[in-house]
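The values are calculated or read from the model by the stated rules, or taken from the named source; none is laboratory data. What you see is a predicted model; the values in this text were computed from it and never measured. Because the Cβ atoms are built from the backbone with ideal geometry, glycine has one as well, and the counts that use them run over all protein chains shown.
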Amino acid sequence: MTSSEPSSSSRKDPRLFGEELETRLDEVLFASHSHRSATRIAQGLESLNRAQQEKLLHWAAVAAQTYAEIGYQIATLAPRAFTLFDDEAFDAWVLAGLDAFDRHGARAAMDLLRDLEGFHADRGGERPLAEFTEIEARLSRFIQGLSGRPLGLSVGAGAAAWTDTETLYLPLKIGALPQAESNRSLYKVLATMLWAQTRFGTFGSASIDLAAALTPWLETTDQERALNWLAVLESVRLEARIAAELPGLAAEIATLRGPWPTQMEPLLVRLHQHQASLADTLALLPGCMESNEDAPHLPHFVAIDPDAALRVRGERIAHDKETLNRAISALKGSAAAPNLDDPGIAPLAAESAEVAMSFAEDALALPPEARAAAQSLLQDLGEVPPECLVPAGTGHWQETQREGGGEDYTSHREPDHRYDEWDYRRKAYRRGWCHLYECEGRHGLATYVDEVRVRHSGLIRQIRRRFEMLRGENRMLGRQPEGEEIDIDALVDAMSDRSSGAEPSDRLFCRRIRNERSLAAMFMVDMSGSTKGWVNDAEREALVMLCEAIESLGDAYAIYGFSGWTRTRSDIYRIKRFDERYDEAVRARIAGVEAKDYTRMGVAIRHLTQLLLRQPARHRLLITLSDGRPDDFGDEYRGQYGIEDTRRALLEAREQGVRSYCVTIDRHGADYLAHMYGVARYTVLDDVKKLPLKIADIYRRLAS
Amino acid sequence: MSASVTTLAPQLTHIGEEPYYQSIGDEIALFEAAYAQRLPVLLKGPTGCGKTRFVEYMAWRLKRPLVTVACHDDLTTADLVGRYLIVGNETVWVDGPLTAAVRAGAICYLDEIVEARKDTIVVIHPLADSRRVLAVDKRGEMVTAPDTFMMAISYNPGYQSVLKEIKPSTRQRFVALDFDYPEAAIEAVIVAREGGVNADTARRLVKLGELTRNLKGAGLDEGASTRLLVHAAQLIATGVAPLAACTAAVARALSDDQDMTGTLDDLVRAVF
């Protein structure tokens, strides 16, 4: 998050005292809770200089936007914090608190903020630390590049690095090495080793059962020693596997780890064999255990937690198998009876992790989600199990959700609209199922938009320039009676007319005219509860950027928020109608976008599509900003049902000539996105902070 | 005088030498069948996957001249069909590339058709159905295409702009062939052959391509194309260090975003 620094002149401004300070604090902190008094806090702040006071007021306001208690906490602790921290450290302290809130909730944030001395020690400890937050975005893209299968990155408890095969858990900070740069490199190496565990079969394959192999030591006093040995042996094997595919990366790992401990040298040959597998590691493990030695310490040690990993892996394998089964059923036709002996389908080319299948000698075109599932199975099991390659019969895919609607929320007024909803199990619509209420968005702080404009003034200038260039798309209109240039074509015609005796035309000029853009864009903003915190901040900032950009372009656009609580109350909040100007009221409503309830996306898409269709534009564009999968309270919308309904709604929009584009802030969601957005196009942002920076570019790409 | 005019006439390219093309499916047989049945074809696929090379190869294989037009948003009907020019005190008609291709019974390839203005694209409609004629309005002439004339157009479905899509009335006249990046083993052969590098370097380059394609949709619009990999290979073949070559030809070519180029640099270093 960027912040507007107090201007340098404020340093010389007189300090704020008593009542004045109290009023300003009241504005930022207690806009909604009047039961607390700012008097005590204000007294504490009187000792600070004006620049510090302004800084505190700024941060308290920012924090209170996220969660009021944090703003209060920061204001209370500020006097002590300023005695310990310089300006930069103060910013870092607040940001760390907000970050802790986003990651672990209010309790963690409060604990972190209160521990001023601890924070000070961590920062001032002179250790060149690398922190998870600074490497997260770059590293997660790196891992995505390596894996193809989406893997999340997250901070684990303590200093250990481990994975449950879906998420790579890394320490919050690394200070083991003397330079910050090498600590960052260590982050990369740890993440790579964890990725390699998931990629090269550390947790077993179709023929090797890790849990069974570990049984002699599990639940004994030797358990930890055995797991450490397993992890160390695996890191030797995995490094060799990495070296075969990614020699540059393997060299970086080798540099970082230094020479292997001498006690391990006899073990290296077997583990370095071409295509060494977990079986080789497990064959060496008993010998290591019998030596009664502890596993040697490696600088890039990554732990193995078989319980968590095997559980998650098992769930994923089951899910992937079903996906694949279903896709193959669909391909062979649902009438085909399951036939286990069907030799027609055989997996090919398992070696290259490219999944190719043949079906009766023809290339078998699997839908993307099934291809991803097969790919994923190949990584987990080393093969696509034969039982996946026969149709699954007539069973449902996921019958885990409860049947029937949630408790009806009885509203006092009739819904403004009722919309059908797609039930994928019935393969039919539920008629008039969703009740939709449309109302005006809440007004927020009138100054919010101006603050954002000041904070991002450079970027906004840049965006405007780029968009003005788009608008300036000129076209030459030929054969005009007057204009700035001669139209050679017209002149040639005139001359040929004249030489053939016909009367030449006097329309011999071309004139430059501006191309009329005929595009209407509808922005649909997720206001569900899960956006609370930085996602909401990012959404509001993104809206400001968008408005600035599109205003300079002159396209028709509208902004609506959506949220909901069961099918009987889907709410649509008007933020800007197509015919409204980007005025004070609209700006206040942008500031008032807040996190509310749940994400029932289908009905919102249907309603906004209808609004969009009323626009007389040639091209209609529906852009959704959301933070993850559709979800609703208490009924089956969560899960497959919601994904299928959303997909259906986007399909309907397309059939009516509305193009949709979905911007999602969800790194872990990539598995369902391709299916859900199917017909629409989409982009996934790995970092919420990027949304305001990227949104204008996304729009430009769509609309030029 | 007439000599100066012929230089203005569009060049029909006769492809004498077999262009290198590695088939990845049944596209050659389909193209030949379409040619035999006088059907126009539409080549779909991401940038740099070999669409243009395929057309060159087919022109050589079918022994037809080739006319290539790179479409852009200022392309007018006159640019395709032809126009009058003034030479001395007379007007002289000069065929545009499309008319020239029709008269010569050549293969006419309109590259990146979506870039062209919609009103321009309409002139190809009567050529692309059973009529197979081109109306040259300015001369009041209907040019009937000989059996050897063939139309091929290409487009990249990965473009996200709503303003750039082919109208159904256009696309439903064409036999569509799907192109994509070839699978790793074949792509390595292509990179080695085109770039003049050894098999190991080619394999690493293809691995880099695969890694960047994993990032499609997560910050990159497109992963590295086969063409980009060949460029990197060519740099390496002339003696540029692999790291520098990949950074320049792949990482910087794919993105301007500083975070993204950082990640791409990491991927380059992982492979070399």
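From the list B:Arg213, B:Arg204, which residue is surrounded by 21 or more Cβ atoms within 10 Å (Cβ to Cβ), outside the structural domain of B:Glu18 (by TED's automatic domain parsing) and basic (Lys, Arg)?
Sole residue among the options that is surrounded by 21 or more Cβ atoms within 10 Å (Cβ to Cβ), outside the structural domain of B:Glu18 (by TED's automatic domain parsing) and basic (Lys, Arg): B:Arg204.
Would you say A:Pro266 is within 23 Å of A:Ala176 (Cβ to Cβ), loosely packed, with under 15 Cβ neighbours inside 10 Å and in the same structural domain as A:Ser182 (by TED's automatic domain parsing)?
Considered against the rule, which asks whether it is within 23 Å of A:Ala176 (Cβ to Cβ), loosely packed, with under 15 Cβ neighbours inside 10 Å and in the same structural domain as A:Ser182 (by TED's automatic domain parsing), A:Pro266 comes out as no.
May I ask you to verify whether A:Ile559 is surrounded by fewer than 20 Cβ atoms within 10 Å (Cβ to Cβ) and not acidic (Asp, Glu)?
Numbers: surrounded by fewer than 20 Cβ atoms within 10 Å (Cβ to Cβ): no; not acidic (Asp, Glu): yes.
Criteria not met by A:Ile559.
Where in the stretch A:610-704 are there strands (runs of 3 or more DSSP E), lying fully within it, with 3 or more residues that are more than 26 Å from B:Met260 (Cα to Cα)?
Working: elements: A:619-626, A:658-665, A:681-685.
Counting at least 3 such residues, we get A:619-626.
How many of the residues making up the stretch B:182-201 are touching a residue at least 60 places away in the same chain (Cβ under 8 Å), within 14 Å of chain A (Cβ to nearest Cβ) and crowded, with 21+ Cβ neighbours inside 10 Å?
Here the count works out to 0.
Between B:Ala232, B:Ala224, which is modelled with pLDDT of 95 or more and within 22 Å of the chain's Cα centre (by Cα)?
Unique residue meeting the criteria: B:Ala232.
Give just the number: which of (1) under 29 Å from B:Pro65 (Cα atoms); (2) surrounded by 14 or more Cβ atoms within 10 Å (Cβ to Cβ); (3) in the same structural domain as B:Ala36 (by TED's automatic domain parsing) does B:Lys164 not satisfy?
Status for B:Lys164: all satisfied but (1).
Any residue at all in the stretch A:604-624 that is at pLDDT below 85, polar (S, T, N, Q) and within 22 Å of the chain's Cα centre (by Cα)?
Within the stretch A:604-624, none of the residues are at pLDDT below 85, polar (S, T, N, Q) and within 22 Å of the chain's Cα centre (by Cα).
With (1) surrounded by fewer than 22 Cβ atoms within 10 Å (Cβ to Cβ); (2) in contact (Cβ under 8 Å) with a residue 60 or more places away in the chain; (3) among the acidic types (Asp, Glu) as the list, and A:Glu652 as the residue in question, which single condition is left unmet?
Result: A:Glu652 passes all but (2).
Quick check on my filter: what residues within the stretch A:631-649 are under 16 Å from A:Gly678 (Cα atoms) and either touching a residue at least 40 places away in the same chain (Cβ under 8 Å) or of a type in the set (Lys, Arg) (or both)?
Correct list: A:Gln640, A:Tyr641, A:Gly642, A:Glu644, A:Asp645, A:Thr646, A:Arg647, A:Arg648, A:Ala649.
Out of everything in the stretch A:240-294 that is in a helix (DSSP H, G or I) and of a type in the set (Ser, Thr, Tyr), what residue ends up being farthest from B:Lys207 (Cα to Cα)?
Restricting to residues being in a helix (DSSP H, G or I) and of a type in the set (Ser, Thr, Tyr), the top hit is A:Thr262.
If you go through the stretch A:286-304, how many residues are within 14 Å of A:Trp217 (Cβ to Cβ) and buried (at least 19 other Cβ atoms within 10 Å of the Cβ)?
3
B:Ala218 - would you say it is more than 30 Å from B:Ala104 (Cβ to Cβ) and away from every other protein chain (no Cβ under 11 Å)?
no
Hey, among B:Thr261, B:Thr212, which residue is among the β-branched types (Val, Ile, Thr), in contact with a strand residue (DSSP E or B) (Cβ under 8 Å, 6 or more places away or on another chain) and either modelled with pLDDT of 90 or more or part of a helix (DSSP H, G or I) (or both)?
After ruling out the rest, the residue left standing is B:Thr212.
Wholly within the stretch A:102-196, which helices (runs of 4 or more DSSP H) include no fewer than the required count, namely at least 2 residues that are buried (at least 23 other Cβ atoms within 10 Å of the Cβ), within 14 Å of chain B (Cβ to nearest Cβ) and in contact (Cβ under 8 Å) with a residue 12 or more places away in the chain?
Where helices (runs of 4 or more DSSP H) fall fully within the stretch A:102-196 and carry at least 2 residues being buried (at least 23 other Cβ atoms within 10 Å of the Cβ), within 14 Å of chain B (Cβ to nearest Cβ) and in contact (Cβ under 8 Å) with a residue 12 or more places away in the chain, they are A:132-147.
Quick check on the stretch A:680-695: of everything there that is without any contact (Cβ under 8 Å) to a residue 60 or more places away in the chain and over 14 Å from the mean Cα position of the chain (by Cα), which residue is nearest to the other protein chains (Cβ to nearest Cβ)?
Per the criteria, the residue is A:Arg681.
Looking only at the stretch B:238-267, which residues are surrounded by fewer than 23 Cβ atoms within 10 Å (Cβ to Cβ), within 10 Å of another protein chain (Cβ to nearest Cβ) and in contact (Cβ under 8 Å) with a residue 40 or more places away in the chain?
Answer for the stretch B:238-267, where residues must be surrounded by fewer than 23 Cβ atoms within 10 Å (Cβ to Cβ), within 10 Å of another protein chain (Cβ to nearest Cβ) and in contact (Cβ under 8 Å) with a residue 40 or more places away in the chain: B:Pro242, B:Asp259, B:Met260.
Touching a Ser or Thr at 6+ places or on another chain (Cβ under 9 Å), under 30 Å from A:Ala244 (Cα atoms) and assigned to a helix (DSSP H, G or I): is that true of B:Ala202 in this structure?
So B:Ala202 does not fit the description; no.
Of all residues in the stretch B:74-84, which are facing chain A (nearest Cβ under 7 Å) and either touching a Lys or Arg at 6+ places or on another chain (Cβ under 7 Å) or in a strand (DSSP E or B) (or both)?
Filtering the stretch B:74-84 down to residues facing chain A (nearest Cβ under 7 Å) leaves B:78, B:83-84.
The answer is B:Arg83, B:Tyr84.
Being crowded, with 18+ Cβ neighbours inside 10 Å and over 58 Å from the mean Cα position of the chain (by Cα) is the filter here, so list the residues in the stretch A:493-548 that pass it.
Residues satisfying the conditions are A:Asp493, A:Ala494, A:Ser496.
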